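Student: Here it is, the structure in full.
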Amino acid sequence: MSQKPSFKQKLSYMFDNIMAAGTPAMIGMLALLSLVVVFVAAAIISLFSINQPGEEGALSFGEAAWMSLMRTLDAGTMGGDAGFGFRLVMLLVTVGGIFVVSSLIGVLSAGVESKLEELRKGRSIVLENNHTIILGWSPQVFTIISELVEANSNQKRAAIAILAENDKVEMEDEIRARIDELKTTRVICRSGNPMDPTDLELVSPHTARSIIVIPPDNDDPDTFVIKTVLAITNNPNRREEPYHIITQLRDEKSQSLVKMISTRDDVNAVMMGELIARVTAQTSRLSGLSVVYTELMNFGGDEIYFKEEPSLSGRTFGESLLAFEDSTVMGIGRANGTVLLNPPMDSRFEPGDKVIAISADDDTVKLSGLNTHPIQAAALRTNGHAPAPKPEKSLLLGWNPRAGIILKELDAYVAKGSVVTVVANDELEKDVKACAKLTANQKVTFLAGDTTDRELLDSLKIEDFDHVIVVADTHRSVQESDARTLVTLLHLRDIASRDDTPFSIVSEMLDLRNRELAEVTKVDDFIVSDHLISLMTAQLSENSALMGVFTDLFDPEGSEVYLKPIEQYVAIGEPVNFYTVVEAARRRGETAIGYRIEAEHDDAKKSYGVYTNPKKSAQAVFSADDKVIVLAES
């Protein structure tokens, strides 16, 4: 038979429960103890008629309680007391008050520290509406935040809530160190597991405008993405409206899983490896293309907008190209959601269709109202034809999981009989040969070696190649990989300076900050992989309809961006307006969206000479080395 707890044990247990209840309970206990001391002292004084010498009559209970309370709160009050009995009672009250007040100060101090620690842990709920949520943490966060800040600059109040397993204060410190100005946007960090539905509630996903899921830098990022999307879409507290989710995937097989678990929602998944591989393959053959893509996808300049223009209904796409002075038309967004970039010139706008245009803002996509356009007919050069494609020689230095996709994408552009030489570590030969079987127009040869070895590079006779692609070693740390890339580029620059034979060099960088260091190597293009993906992610978070545009742009089967000799379109050496350039491209079934001035290709302040969406009436004097940027099928 168990022994009954003693009164002392019960009292101790009750005290433990009060202490465990937290700061409010302890304050309440001290307040009660203080009142007990005050009322007991007041009762003794009033019952025994205790008073100070010279004071006539007994003190009332209320007056005695007030005097006791004053001495409880301020020990110095009893300094003027007189009379042995009165002094004794007030001394006891004062001692009790000292205990209560000192305990109260300790409890309040501990409570404030506990609250600060709770805030530091980032476990309070974010009470925001129409905000953007970022789930996960990687170097991409800084680019995404910077772009969203720029996109929100025309709003009076905007918010970005971040939920990651990192420490809240550390995340805030990194953001302050990497982003100079947040303008009208507040960034709120919370610590928690994005895959946990309970932790997800901290950032209020049910009131968010969009949710960005950033995969971690590990060997299995897709698992994190799938679990996080599942935690959002299958949340028991989910809202009725579809969630707008943007994420990134490495494995194509994961895309079907994400679609399966989010049938009710709008989920845009960017295939990381595929996107960068396609951009790298395209850019290796067209110098300046990566800058064009960056200009189209960032919020710093002009962006791509969808705008319904009822007055275009019944008119052809070709007619719309010259109908805007400050915007550049790219295509048609059908009412059913289909995106048509550079469709046939006789394609007509139907009711409900939207014009897809590059413009400074959505409210600047306005018709010029001109019935005739100032086309300089004498400057048109519509008889220029591109030379027939010939076999090409390409050199791929390094190997990573994206390199196989680069070979496959490159194969879609080159002529039959082309050759690719891959230089990588000898243990990668098996992977290279497996990818070589998927190419139809290129013969792939493998050479084992270190891409930073100058002796090896000299033996390759690089001047005999048309294109050189340097890919990042993703098996190393970001900084170590970029350091090796820089060494390789410096060697290539030196080799190029000793030979007059032109060959293009395209390099993949992992950290945007290393691009400034790499510019000394005079490389034609840098593909900063995470940066491009981050730009696209930020754009999709603001407008999910852009997914169709980006899919078409990077698909070899659709219309793509090309940089072609401008002398094939308009006269060089004399002022020509952009209306004339657009008309010259239109007559060839192409859509002109800008041009590149070769003399400015090293000037970062002038976007490396790339001008997208120039004012159509503005004139420029082109040289034989300049290029027109067009959307075309080939």
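Student: Give, as a single signed number, the net charge of other residues whose beta carbon lies under 12 Å from the beta carbon of Ile144, with Lys and Arg counted +1 and Asp and Glu -1.
Tutor: -3
Student: Can you give the convex hull volume per residue for the Cα atoms of the chain, as a whole number of Å³?
Tutor: Once divided by residue count, the hull of the chain is 270 Å³.
Student: How big is the dipole moment of the chain about its Cα centre under a simple scheme where the beta carbon of each Lys and Arg is +1, that of each Asp and Glu is -1, and everything else is neutral? Debye, nearest 20, please.
Tutor: Magnitude of the dipole: close to 1420 debye.
Student: Setting aside same-chain residues fewer than 8 positions from Lys437, which aspartates and glutamates have a Cα under 19 Å from its Cα?
Tutor: Once the sequence-local aspartates and glutamates are set aside, what remains near Lys437 is Glu274, Glu392, Glu409, Asp411, Asp426, Glu427, Glu429.
Student: At Ala604 and Lys227, where each label point lies 7 Å from the Cα along Cα→Cβ, what is the point-to-point distance in nanometres?
Tutor: It is 3.9 nm.
Student: Once the dipole of the range 393-527 is set up with Lys and Arg at +1 and Asp and Glu at -1 on Cβ about the Cα centre, which of Leu456, Leu490, Ala436 lies farthest towards its positive end?
Tutor: In the range 393-527, that residue is Ala436.
Student: While we're looking at this one, here's another question. Using +1 at the C-beta of Lys and Arg and -1 at the C-beta of Asp and Glu, which of Ser320, Met345, Gly333 has the Cα lying farthest in the positive direction of the dipole of the range 311-398?
Tutor: Met345
Student: Right, here's the next one. Within the range 551-634, which GluC sites (Glu not before Pro) sit in a loop by DSSP and count at most 10 neighbouring Cβ atoms inside 10 Å?
Tutor: Sparse-neighbourhood loop GluC sites (Glu not before Pro): Glu557.
Student: Let me ask something else. In terms of Cα to Cα distance under 17 Å, which aspartates and glutamates are near enough to Lys8, apart from those fewer than 8 places away along the same chain?
Tutor: Lys8 reaches Asp16.
Student: Among DSSP beta bridges lying fully in the chain, give the percent that are antiparallel, nearest 5.
Tutor: If we restrict to bridges inside the chain, about 40 percent are antiparallel.
Student: Measuring from centroid to centroid over Cα atoms, what is the spacing of the range 574-634 and the range 122-151 in Å?
Tutor: So the two Cα centres are separated by 36 Å.
Student: Let's test the formula: R0 of 45 Å, r as the Cβ-Cβ distance of Ala448 and Asp173. What FRET efficiency results, to the nearest 0.05?
Tutor: Once the sixth-power term is evaluated, E becomes 0.50.
Student: Have a look at Asn218, Val112, Ile134 and report the one farthest towards the positive end of the charge dipole of the range 95-218, computed about the Cα centre with Cβ charges (Lys/Arg +1, Asp/Glu -1).
Tutor: Highest projection toward the positive end goes to Val112.
Student: At a threshold of 8 angstrom on Cα-Cα distance, excluding pairs fewer than six apart, so keeping six or more, what relative contact order does the chain reach in percent?
Tutor: In percent, rounded to a whole number, it is 11.
Student: Over what distance in Å are the Cα centres of the range 181-229 and the range 265-289 separated?
Tutor: 24
Student: Based solely on C-alpha atoms, express the radius of gyration and the Dmax of the range 281-349 in angstrom.
Tutor: Here Rg and the maximum Cα pair distance are 14.1, 41 Å.
Student: Let me ask something additional. Report the charge-dipole magnitude of the range 132-264 in Debye, nearest 20, computed about the Cα centre from +1 at each Lys and Arg Cβ and -1 at each Asp and Glu Cβ.
Tutor: Magnitude of the dipole: close to 680 debye.
Student: For the range 529-634, what's the relative contact order in percent, using C-alpha pairs closer than 8 Å and at least 6 residues apart?
Tutor: Answer for the range 529-634 is 34 percent.
Student: Here's something else I'd like to know. List the aspartates and glutamates whose Cα lies under 16 Å from the Cα of Lys366, skipping any in the same chain that are fewer than 8 positions away.
Tutor: Candidates past the 8-residue exclusion: Asp302, Glu303, Glu308, Glu309, Glu319, Glu325, Asp326, Asp353.
Student: I'd like to compare 504-514, 123-133, 174-184: which one has the highest average count of other Cβ atoms within 10 Å, and what's the full order after that?
Tutor: Top to bottom by mean Cβ count within 10 Å: 504-514, 123-133, 174-184.
Student: List the relative contact order of the range 393-527 as a percent without decimals, with contacts defined as Cα pairs under 8 Å and 6+ residues apart.
Tutor: Averaging sequence separation for qualifying contacts and normalising by length gives 25 percent for the range 393-527.
Student: A further question on this structure: Estimate the FRET efficiency between Asp196 and Glu455 by the formula 1/(1 + (r/R0)^6), using the beta-carbon distance for r and 35 Å for R0, to the nearest 0.05.
Tutor: Rounded to the nearest 0.05, the efficiency is 0.05.
Student: Counting only helical runs of four or more DSSP H residues, what would the 222 nm mean residue ellipticity of the chain come to if each run contributes -39,500 (n - 2.57) and the total is spread over all its residues?
Tutor: -12000 deg cm²/dmol
Rule-based calculations on the coordinates, nothing more; no lab input. These numbers come from a predicted model, not from an experiment. No Cβ is skipped: glycine too gets one built from the backbone with ideal geometry, and neighbour counts run over all protein chains shown.
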